[in-house]
Every structure is written in C-alpha cells, then in structure tokens.
Amino acid sequence: MANRSGAAQRPNGTQGKICQFKLVLLGESAVGKSSLVLRFVKGQFHEYQESTIGAAFLTQTVCLDDTTVKFEIWDTAGQERYHSLAPMYYRGAQAAIVVYDITNQDTFGRAKTWVKELQRQASPTIVIALAGNKQDLANKRMVEFEEAQTYADENGLLFMETSAKTALNVNDIFLAIAKKLPKYDQNQGQSGQGQGRRLAEGDQGAKTPGNCCK
Amino acid sequence: MDEEYDAIVLGTGLKECIISGMLSVSGKKVLHVDRNKYYGGESASICPLEELFSKFGAPAPDESYGRGRDWNVDLIPKFLMANGSLVKLLIHTGVTRYLEFKSVEGSYVYKGGKIAKVPVDQKEALASDLMGMFEKRRFRNFLIYVQDFQQEDPKTWKDFDPNTQNMTALYEKFGLDKNTQDFTGHALALYRDDDYLNRPALETINRIKLYSDSLAKYGKSPYLYPMYGLGELPQGFARLSAIYGGTYMLDKPIDEIVLGEGGKVVGVRSGNEIAKCKQVYCDPTYVPDRVRKKGKVVRCICLLDHPIPNTKDALSTQIIIPQKQVGRNSDIYVSLVSYTHQVAAKGWFIGMVSTTVETDNPENEIKPGLDLLGAIRQKFVSVSDYYEPTDDGLESQIFISQTYDATSHFESTCMDVLDIFKRGTGEAFDISKIKRDLEDEEQ
C-alpha cells in the first residue's frame, strides 16, 4: 500500500506538501479513457488497447510550485457499458475527466449525460474536465471544437482536445486539474474523503489515519 | 447478453460479489446480473433516507433529519473482525484500496440489566465490574492460557486436549463460573447459543484468539466498519470482478434458469435473451424452489439523535445480550454507527437491534435491546426468513448462498463464500492468482 500522506522528497531536495486526490474517468466505451491514463501514467500508447482489464487503479503525481499533487486515478473497469457503474465510483471523487471521441458525435452526447450525472451524484466541489480525445484523427472530426468549448464554458468545465496517441494535451489536462483543485492543509479539514483508514497487510497498532495534505 | 459465459452470477449481495470477484480473478468469464437497479441486494445501504422511510411505508422524514442524501442505512447490521476472514480477503484481493474503515469504539456485554465493557486483556479483566475479585483472577489465568495457546505446540495445551475435551471441561479446568462463561462464549467467542459448550474446546479457543488478535490490530474494539456503510463492500468486490473482465448488468429481470440434460444448468433467460453458461451462482431469491426455510431473523433499525447511554458517548458500539441474561436461546445484538461513518446526517446515529426469532412476537423479543438505546426517534422493524439451499449444487451446477444470518460479524458469510467457491470450482480459492502487478501500480 502506498503511503497516503507525508512529506515527499522533491527533485530539488526540499520537502513540499503532498495532496492526494481521487480522479475518476467517465465516458462511452472505446473513447480512449484507459489510453489517456496509460499515456499520462506510463507514457505508453497501444493502438489496439484492450478493454480495461486488470489495471483500474493507477497513481501519478504532478508537481506544482511547492505542492506535489498525487492523483489516484479510477478507471471504469467496463462497468459503464450497461450503465452499471457503482455509486462507490463517484464517492469522494475530487476530480473527473469526462472523455469523448471527436470523431463520434454520440460519444459527445453521452459525455454531456455523464456531466449531468456527476453534477447530481458527486461532490458539489468536484473539478470536471472535458477531454475531446483522438485529436490526431481531426480529419474525421464530427464534433467541432467551438461547440465543445461553448458547452464546457456554460457548465464551468475545463476543456481540451487531447490525443493519447500523440500525447497532445495529456499532461496538460491533468496539470490544469491539479491547478484548479483546492490544496487544503491537513489541519484545516479534509478534501472530500471520509477520514477513515485504509487497511493494509501488516497493519499493527492504532495509527492516526493519514489522508490528504501535510 | 446473448453470449457464452463460464459462470453467471445472479444477485449483487456481498456473497455473490465476492464469488464473482474470485471467479473473475481465477480466469473465468463471468456475467453478473441483478434484477434491481442498484448494487447490494439485501446487503445494500439505503440512500437517500426518504427511500428507507418509503420502504417501510412511513411518511417522509421531516427536515430535522438533515439531507436525505447524507444517509446510507444498512438493512443487515454487521461489523468486520479486524483480523477476520473478510479483512484478509479485502487485503489480498486489493479491494481494500476502494474502501476506508473506522474502528468501532466500544464493545459491551449485558449483565443483570446493565452493560459493561467486554474485558479482553489481563488488565481489563482485573478492572472489570463483571466479576468478583477471585473470579477475576481465575478469568485472568484463563486469558493467559488462551493467549499462550498454540495449536501446533501441544506443550502450550497444558495437560488439556482441545481436540477431544469440550469447552465445558476447559471452563471447569479454570473454575470459571456461569456468568464468566456466558460473556466469554458470547461476547468474546461470539457464539449465538450454548451448543459450543459440548464441542471440542479448540474451536472456542481459536475464536477468542480471533477476538483478541482483532483487538490488537487497531485498538478500542476488534470491530471495523466501512465509511458510507456496508453497501460499499459488495460494490468493491464487484469492481474487482469487473477489473478482471466480469460483465455487469443491473436492472435486468431473470425469467428462467434454463436446464439441459440431467437437470444441469445451460443458461439464464431474460425476456427473449438467453445467456449460455456452465454454472450459475445465486442468492436464494433467484431460486425459490431450490431452497428451504431455516428460520427467521428480526431486525430493528432505530434512528437516534444521541449515542447509546452508558457507553461514554461512543460514536460506534456493539452490545451483546447473552441469551441466558434474558431467558432466551439465542443472543440479541445491538449495534450503533453514526454520522462519523457518513451513514447519517450530522448529529444522527443509527442503532440496530437484531436476533434470531424464537416466538410468535418477534418485536417483543428485541425489547431488552431497544430498552438500552434511550429515546428512539424512528424505528423500522423487519422480520425476514432465512434460507439455505436444498442441495450442494454439484448435479445442477447451480450454487446457492445462504441468506445472511443473525451473526454480528462476517465470519459465517466468508465461510459460506469459500465453501461455495470450493464446491463450484473443485478447488480452494488461490489468493496467489491475483496479479501482483496490481500492487506495483500503486507505487
């Protein structure tokens, strides 16, 4: 189990604070949710990425000035396919990326439905980003940039067109989210999650639960 | 849905979700279906509060209950033993990363109309007001014996054979009186009745060890409770199953379990669609003609705006009322969780009183438990049958779980799951099949 809190060793040797956030991915099947995450976390891209199996929980950090933002990224694990995503998925999520495929108008419509679902189910303070993925296929574009930008502006969403294939805007969209997330100090309360503790092998003795920032 | 699967799992209660996860992890192609729109079946936590009120036919809650969405009310009360099978399963499957827990603050036992803290170590035993001075010393010696006891090392058995001698004999060896036996058997070993007295002592010794090992893990009490309610548990295991390729469909009525030659299952039908499969795993509600009634459980959900009196304002508690204390054959369990577990609006508590039904007036049977709670703002009583399968499923390849019993923790739940898995697959669940790279991804 990764340590959930504590001062991180930063590249320049000084210690900054770490904030951990739960980020969930949403969007129609095959729009490239897993590909975006794999590009962001591992720098990889597979043309024929299989449906999500066995890798639905990844972490990656982003550095901002004196703060390290650690994303705990949840993939849908295919549970979106028959609209059977568990409420647990949204629970305590502080950020969401809603993904659509710019070459497929239906996926944009679905993305709007997911945004509504988030506004209804998730925390009111959740930071939502809209990602128009597969920008490398712009010649087959079916969703206009301006249309998506207008929708995003009206709903207070971050918006970028991305390409997991060419890496366009992939790091940038995570960075933009990181900048927009509130960086609480640990003493000033929590950032959405429940103040419980995670269980891990070898747990022994009562420890104070560590959560977000230090 | 018109595809072929190794196994189709019906119902998303905790047991079915664990089984589904285990099957997917073992490389089986799984379809998991629920007739309801939500996960959890009987083990769901009800949200919002309005839904709980309407489920029990009560008028909508007034505004003093806060936001309905802040409530997640369990229908079946249970706690996790910190060192118990479910926690081990959660850790080894990695499902624990989706959940957060809190330690239950207090563990109490009822004696002579009052409640007292359950003494678990030598120090607490000596301070406890459950026993007289000489009895305390005898109980302390008993605790030390259990603590030092090692199943593999007969030297620690101290001239007692735990495999052949029964628990009554062990109590007698230490000279423990009936009262001490009562709270040891019911509040430490967590037996619901006294049958254990005549069985080999080893089983009880191991149960007491589980209690004290669990206590040693996170302190205060041996029990854990998940944030947002028990309904998170089935969702966590469902996610595990999905991650390993399991397909999920909610809100899908099941019209028929299709049998082939020799009464063996070949598929499941929903409307005009048939999904083929080699096996079905399900809860009793999907196969009413393949289960028999085993008994009844009465459960009362109580909404309180205060903690339970005489528990030092604990925000979560378990109280066990041993059968003999109130002239019964099975124990009454009282549990309390609160807004600090994100299961109730700020300032609110949820008490639950439950027991196995023994008379024609089940509500009256739980009265000793209700009386401990103080003023109750709203209460919802339910009496439900519990079922067990009529056969082991080997012929039909339909493997059926038992309904959740009245026990206060998940040990019997896990036993049933592991047993079903073994019957269904012919082998015990191999934890090492879980990809270790899941761990690596966390770094």
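For segment A:139-152, name all the residues that are under 13 Å from A:K112 (Cα atoms) and free of Cβ contacts under 8 Å to residues at least 40 places away in the same chain.
A:E147, A:Q149, A:T150, A:Y151, A:A152
Are any residues in segment A:87-116 aliphatic (A, V, I, L, M), within 14 Å of chain B (Cβ to nearest Cβ) and assigned to a helix (DSSP H, G or I), and if so, which ones?
If the condition is that a residue be aliphatic (A, V, I, L, M), within 14 Å of chain B (Cβ to nearest Cβ) and assigned to a helix (DSSP H, G or I), then A:M88 is the only one that fits.
Just the residues that are open to solvent by 40 Å² or more (accessible area, probe 1.4 Å) and touching a helix residue (DSSP H, G or I) at 6+ places or on another chain (Cβ under 7 Å), please, taken from segment B:345-375.
Within segment B:345-375, B:K346, B:E358, B:T359 meet the criteria.
Select from segment B:200-215 the residues that are in contact (Cβ under 8 Å) with a residue 60 or more places away in the chain and open to solvent by less than 10 Å² (accessible area, probe 1.4 Å) and write down the one among them that is farthest from the other protein chains (Cβ to nearest Cβ).
The qualifying residue farthest from the other protein chains (Cβ to nearest Cβ) is B:I208.
Each row is one residue, and each column tells you yes or no for (1) modelled with pLDDT of 90 or more; (2) under 30 Å from A:R197 (Cα atoms); (3) within 14 Å of chain A (Cβ to nearest Cβ).
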position	(1), (2), (3)
B:D153	yes, no, no
B:T156	yes, no, no
B:F160	yes, no, no
B:T164	yes, no, no
B:L188	yes, yes, no
B:K217	no, yes, yes
B:P226	yes, yes, yes
B:F237	yes, yes, yes
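What strands (runs of 3 or more DSSP E) lie completely within segment B:319-436 and have 2 or more residues being in contact with a Ser or Thr (Cβ under 6 Å, 6 or more places away or on another chain) and of a type in the set (F, W, Y)?
Those strands (runs of 3 or more DSSP E) span B:378-389.
If you scan segment B:110-124, which residues turn out to be surrounded by fewer than 18 Cβ atoms within 10 Å (Cβ to Cβ), under 17 Å from B:P322 (Cα atoms) and in contact (Cβ under 8 Å) with a residue 60 or more places away in the chain?
Within segment B:110-124, B:G112, B:K114 meet the criteria.
Quick one: in segment A:1-42, of everything that is hydroxyl-bearing (S, T, Y) and outside any helix (DSSP H, G or I), which residue is modelled with the highest pLDDT?
A:S29
Can you report the number of residues in segment B:176-199 which are closer than 17 Å to B:R137 by Cβ and open to solvent by less than 40 Å² (accessible area, probe 1.4 Å)?
Total satisfying the criteria: 5.
Take the residues in segment B:264-314 that are within 30 Å of B:K114 (Cβ to Cβ) and among the small types (G, A, S); name whichever of them is farthest from the chain's Cα centre (by Cα).
Result: B:A314.
Let's see how each residue does on (1) buried (at least 21 other Cβ atoms within 10 Å of the Cβ); (2) small (G, A, S):
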site: B:L89; (1), (2): yes, no
site: B:V95; (1), (2): yes, no
site: B:V104; (1), (2): yes, no
site: B:A127; (1), (2): no, yes
site: B:Y145; (1), (2): no, no
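The values are calculated or read from the model by the stated rules, or taken from the named source; none is laboratory data. These numbers come from a predicted model, not from an experiment. Every residue, glycine as well, gets a Cβ built from its backbone with ideal geometry; the counts of neighbours run over all protein chains shown. These accessible areas exclude ligands, DNA and RNA; they are computed on the full protein's heavy atoms, side chains included. Shrake-Rupley method; radii C 1.70, N 1.55, O 1.52, S 1.80 Å.
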